[in-house]
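**Student:** First the structure, which I've put down as structure tokens, then a few questions once you've had a look.
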Amino acid sequence: MSIAEALREAIKEEMRRDERVFCLGEDIDVEGGFGGAFTVTLGLSKEFGHERILDTPISEIMIAGAAVGAAMTGMIPIADVQYGDFLFCMMDQMANNAGKMTYMSGGTVKVPMVMRAPVGATTRGAQHAQSLEGFFTHIPGLKVICPSTAYDAKGLLKTAIRDENPVVVFEHKLLYGSKGNRAEKSALSPVGEVPEEEYLIPFGVAAIRREGTDITIVANLLMIYRAMEAAAILEKEGISVEIIDPRTLVPFDYETVINSIKKTSRLMIVEEDTRRNGWGAEVAAQIAEDAIYYLDAPIKRVATYDVPIPFAPVMENFVVPSAQRIAEEARKLMNS
Amino acid sequence: MKEKIDGQKVLGLYEKMFLIRKYEEKIYFLFLEGIMPGTIHQSQGQEATAVGMLYDLRKEDYMTSTHRPAGHCLAKGVTVDSMMAEMFAKKTGCCKGKGGAMHTGDISVGAIPAIAIVGGGIPVAVGVGLSCKMRKTDNVVVCFFGDGATNEGAFHESLNAAAIWNLPVIFACENNLYGASTHIRQVTKIKDLAVRGDAYGIPWEIVDGNDVIKVNEAAIRAIERARNGSGTTFLELKTYRRSGHSRNDACGYRDKKEEKEWFEKDPLTICKNYILEKKITTLQKLEELEKKVLDEIDNAVEYAKSSPYPEPQDALTDVYFEGGK
Ligand SMILES: Cc1ncc(C[n+]2csc(CCOP(=O)(O)OP(=O)(O)O)c2C)c(N)n1
Ligand SMILES: [Mg+2]
């Protein structure tokens with residue numbers, strides 16, 4: 001099953017289970033349309049009708065704000081944006097209302113909403129390319145998750161829908177496995193087994209994608225796959241890499257990372273978000289505070305350079321971490 | 001009866017529209033061949049709005065555009081060479097390969113690099129208009145946006161501000177009936193978007209957006225008002241895109257009868273028929289003109305193909321970059 005299909009399954013199951021759950025977003029299931037920018041919501045209106053699958057006007061402030069309002073008063077909205085960059089249009093609702101409402105009300109209201117957003121650079125230029133995890137992990141009151149496999153996508157989204165806090169879900173454009181004319185040119189297609197029976201994945205539990213003894217790499221979304229590629233290269237050179245996918249950034253599973261560095265003594269963080277003040281910076285700081293004595297070398301971050309994402313593939317490929325760049329930095333880290 | 005519009009001008013309007021149509025068709029072909037990166041949002045069918053609105057602007061006047069910018073940019077005078085090179089992600093592109101299709105533009109001819117956030121260009125146009133006024137120029141701004149953008153909060157804030165400050169901004173709404181796959185009927189209760197002008201105290205007109213002469217006449221009235229300090233105008237240009245929304249979109253969400261009706265009102269055909277009926281020129285002369293345009297596009301493809309790619313490190317220029325690892 002592809003990630004797009006797994007997300008759709010999660011939404012379907014939760015909508016069947018709980019009639020408070022509904023979807024809203026632009027072009028999410030117009031007759032003859034796309035099923036959202038990456039097909040995740042395709043066909044859902046057949047089963048649930050347009051009362052629960054709401055195609056909205058192009059109005060991001062309203063989408064986010066309506067999700068907050070509905071969530072506060074007994075509904076469970078799953079909202080989305082077509083590209084993560086448009087989250088900026090709804091930032092006031094996300095930061096000032098979604099993130100603060102429970103707190104400001106002294107805990108008397110809950111905001112059980114989900115906001116889904118595709119991220120990642122795909123040669124569409126700077127306004128359709130950004131990875132925004134760092135912005136959202138910085139906002140108190142929001143949980144932030146980033147599934148990178150079909151299994152995780154389904155299990156984590158179901159947990160997000162049942163969480164009583166607002167949850168932002170970052171999905172990667174090159175990992176969806178969207179089909180037909182919504183397929184992406186340079187996409188990976190990480191199809192994976194998804195069990196028949198129901199399952200949920202708790203937040204704050206990382207997954208070890210690869211075991212190793214020399215370097216721990218913490219990476220998310222597409223960077224997991226780039227790190228895996230790098231690890232395969234490094235293995236031939238005798239460098240053994242352990243790869244950890246945090247799966248959720250807020251909450252973050254530090255324990256798994258610390259257990260890993262106890263073994264490897266070296267830590268690298270790889271993210272597609274730009275470097276300055278990103279989630280990787282937070283992880284590095286936290287590990288430095290709590291576990292620096294397990295390390296034999298400085299913590300290394302590999303991230304997108306601090307520039308907007310350029311259009312030309314030669315430049316885009318340069319600013320976003322590649323397997324080669326990760327491998328090169330890992331070699332340096334081994335020698336430091 | 002004497003025609004209001006000069007024959008030579010009609011030829012000029014037609015030539016620009018023909019350039020846009022053939023440029024877009026060429027792009028579509030090259031894109032499907034797979035040699036062009038990124039995505040495309042094309043404007044076939046909407047040539048009359050771009051050309052009619054911009055034909056009488058001066059170079060010093062401005063234009064803001066959207067994710068569908070090629071027609072606007074060609075009509076404002078961005079060169080075919082530099083646009084084509086940008087599409088090929090070359091260093092000689094109008095944005096040095098950094099922008100791509102959705103950010104096409106060239107400030108030296110007043111084409112503000114296009115903004116691909118729906119509605120995102122509308123407040124920027126207000127700022128450009130404000131600047132034109134504060135600098136005591138008589139320059140004006142044409143602000144393009146789609147029907148879909150009129151449901152963004154940015155639209156509301158911007159029209160109100162332009163109205164109270166009497167800014168030389170002309171809001172040109174290209175109502176092509178769809179925002180991506182969504183029909184305007186599904187997301188807006190009023191039939192004519194133009195009437196929203198009333199909410200802000202802005203004069204408005206509803207215009208046949210496929211008749212370049214009618215668009216141009218409305219544009220001239222609005223430009224005149226903007227230049228002489230009478231303030232802003234809202235024009236709703238009713239049109240239709242012949243292309244998909246983006247990439248290879250088969251438009252499964254569109255009613256085939258509606259498509260057929262609109263396809264029959266093709267802006268180029270309407271203009272060409274006018275030229276031939278009024279005997280402004282002969283078919284043969286017109287075809288010579290068309291040939292010239294086709295050559296220009298072919299040359300642009302050659303230019304783009306033979307241009308160098310940017311260097312990877314160029315990605316770190318044109319922005320404040322602290323350095324990094
Ligand atoms: C803020 C924002 N939301 C959504 C999108 C995705 N999107 C790109 S074009 C488009 C439709 C725009 O419709 P309209 O304004 O009518 O312009 P048209 O495409 O018809 O020219 C959408 C939803 C976007 N680019 N920006
Ligand atoms: Mg439209």
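The values are calculated or read from the model by the stated rules, or taken from the named source; none is laboratory data. Note that the structure is predicted; figures quoted are calculated from it, not measured. Every residue, glycine as well, gets a Cβ built from its backbone with ideal geometry; the counts of neighbours run over all protein chains shown. With ligands, DNA and RNA removed, areas are computed over all heavy atoms of the protein, side chains included. Shrake-Rupley method; radii C 1.70, N 1.55, O 1.52, S 1.80 Å.
**Student:** Could you sort B:GLU264, B:GLU152 by accessible area so the largest value comes first, with the probe set to 1.4 Å?
**Tutor:** Accessible-area ranking of B:GLU264, B:GLU152, largest first: B:GLU264, B:GLU152.
**Student:** So what are the ³J(HN,Hα) numbers for the stretch A:84-93, from phi and the Karplus equation (6.51, -1.76, 1.60; θ = phi - 60°), rounded to whole Hz, Gly and Pro as x?
**Tutor:** Coupling constants for the stretch A:84-93: x, 3, 6, 4, 4, 5, 10, 4, 4, 5 Hz.
**Student:** Sticking with this one: With runs of 4+ DSSP H residues as the only contributors, calculate the mean residue ellipticity of chain B at 222 nm using -39,500 (n - 2.57) per run, divided by the residue total and rounded to the nearest 500.
**Tutor:** So the calculated ellipticity at 222 nm is -14000 deg cm²/dmol.
**Student:** Go ahead and set up a Gaussian network model of chain B, Cα springs under 10 Å, then flag whichever of B:PRO113, B:PRO37, B:PRO69 fluctuates most.
**Tutor:** For chain B, modelled as a Gaussian network with Cα springs under 10 Å, the answer is B:PRO37.
**Student:** Then there's this: Enter the Cα centre distance for the pair the stretch B:207-240 and the stretch A:80-138, rounded to the nearest angstrom.
**Tutor:** If you average the Cα positions of each part, the centres end up 38 Å apart.
**Student:** Next up: For B:ASP192, put the label point 7 Å out on the Cα→Cβ axis and report which residues of the stretch B:136-173 keep their amide N under 15 Å from it.
**Tutor:** Within reach of a label on B:ASP192: B:173.
**Student:** Determine the percent antiparallel among the DSSP beta bridges restricted to the protein assembly as shown, to the nearest 5.
**Tutor:** Counting only bridges with both partners in the protein assembly as shown, antiparallel ones make up about 15 percent.
**Student:** Given points 7 Å out from each Cα along the Cα-Cβ axis, report the B:SER230 to A:LYS12 separation in nanometres with one decimal.
**Tutor:** 6.0
**Student:** In addition: If you count, for every residue in A:51-64, the Cβ atoms of partner chains within 10 Å of its Cβ, what is the mean?
**Tutor:** The per-residue average across the peptide is 4.
**Student:** What is the distance, in nm, between label points placed 7 Å from the Cα along the Cα-to-Cβ direction at B:GLU157 and at B:SER131?
**Tutor:** Each label point lies 7 Å from its Cα, and together they span 1.8 nm.
**Student:** Amide H neighbours of B:TYR309 under 5 Å, counting only residues 5+ apart in sequence or on other chains, H built in-plane at 1.01 Å?
**Tutor:** Here B:LYS91 satisfy the definition.
**Student:** Further question: For chain B, modelled as a Gaussian network with Cα springs under 10 Å, which listed residue fluctuates most, B:ARG225, B:ARG241, B:ARG185?
**Tutor:** It is B:ARG185.
**Student:** Carbon and sulfur atoms: what percent of the 1.4 Å accessible area of the stretch B:211-276 do they account for?
**Tutor:** 53
**Student:** Note down the nm distance, to one decimal, between modelled labels 7 Å out along Cα→Cβ at A:GLU31 and at A:ASN181.
**Tutor:** Between A:GLU31 and A:ASN181, the label points sit 1.8 nm apart.
**Student:** For the stretch A:59-133, what is the Kirkwood hydrodynamic radius in Å, using each pair of distinct C-alpha atoms?
**Tutor:** 12.9
**Student:** Here's something else I'd like to know. List nothing, just return the count: lysine pairs in the stretch B:1-70, 8 or more apart or interchain, with Cα separation under 26 Å.
**Tutor:** 9
**Student:** Using a ≥ b ≥ c from the Cα gyration tensor of chain B (square roots of the eigenvalues), is it rounded, prolate or oblate, where a/c under 1.5 gives rounded and otherwise the larger of a/b and b/c decides, a/b for prolate?
**Tutor:** Note, shape of chain B comes out rounded.
**Student:** Taking amide H atoms as placed 1.01 Å from N in the peptide plane, list the residues 5 or more away in sequence, or in a different chain, whose amide H sits under 5 Å from that of A:LEU54.
**Tutor:** Result for A:LEU54 returns A:CYS23, A:LEU24, A:GLY25.
**Student:** Moving on to the next point. Could you pull out every one of the aspartates and glutamates with an alpha carbon less than 17 Å from that of B:LYS278, ignoring same-chain neighbours closer than 8 positions?
**Tutor:** Cross-link targets: B:GLU3, B:ASP6, B:GLU15, B:ASP211, B:GLU287.
**Student:** Rounded to the nearest 500, what is chain A's calculated 222 nm mean residue ellipticity when only DSSP H runs of at least 4 contribute -39500 (n - 2.57) each, over all residues?
**Tutor:** Theoretical 222 nm ellipticity from helices: -10500 deg cm²/dmol.
**Student:** Rule-of-thumb check for the protein assembly as shown: C-alpha Rg over 2.2 N^0.38 Å?
**Tutor:** 1.01
**Student:** Additional query: ³J(HN,Hα) across the stretch A:156-161 via Karplus (A = 6.51, B = -1.76, C = 1.60, θ = phi - 60°), whole Hz, x for Gly/Pro?
**Tutor:** Once θ is set to phi - 60°, the couplings for the stretch A:156-161 become 6, 5, 4, 5, 4, 5 Hz.
**Student:** Another question about this same structure. Could you check which residue among B:GLY34, B:GLY127, B:GLY45 shows the biggest mean-square fluctuation in a GNM of chain B with a 10 Å Cα cutoff?
**Tutor:** Top of the fluctuation ranking is B:GLY34.
**Student:** Compute the distance from the alpha-carbon center of the stretch A:8-27 to that of the stretch B:245-273, in whole Å.
**Tutor:** First find each Cα centre; the distance between them is then 35 Å.
**Student:** Quick one: Karplus J couplings for the stretch B:125-131, per residue in order, coefficients 6.51, -1.76, 1.60, θ = phi - 60°, nearest Hz, x for Gly and Pro?
**Tutor:** My calculation for the stretch B:125-131 gives 4, 4, x, 5, x, 4, 5 Hz in order.
**Student:** For chains A and B, what's the summed buried accessible area, probe 1.4 Å, to the nearest 100 square angstrom?
**Tutor:** Its buried surface, counting both partners, is about 3600 Å².
**Student:** Whose amide H sits under 5 Å from the amide H of A:ARG301, counting only residues 5 or more places off or on another chain, with H placed in the peptide plane?
**Tutor:** A:ILE269
**Student:** Give me the lysines in straight-line cross-link reach of A:LYS262: C-alpha distance below 29 Å, same-chain residues under 8 apart excluded.
**Tutor:** Partners within reach: A:LYS143, A:LYS236, A:LYS300, A:LYS332, B:LYS325.
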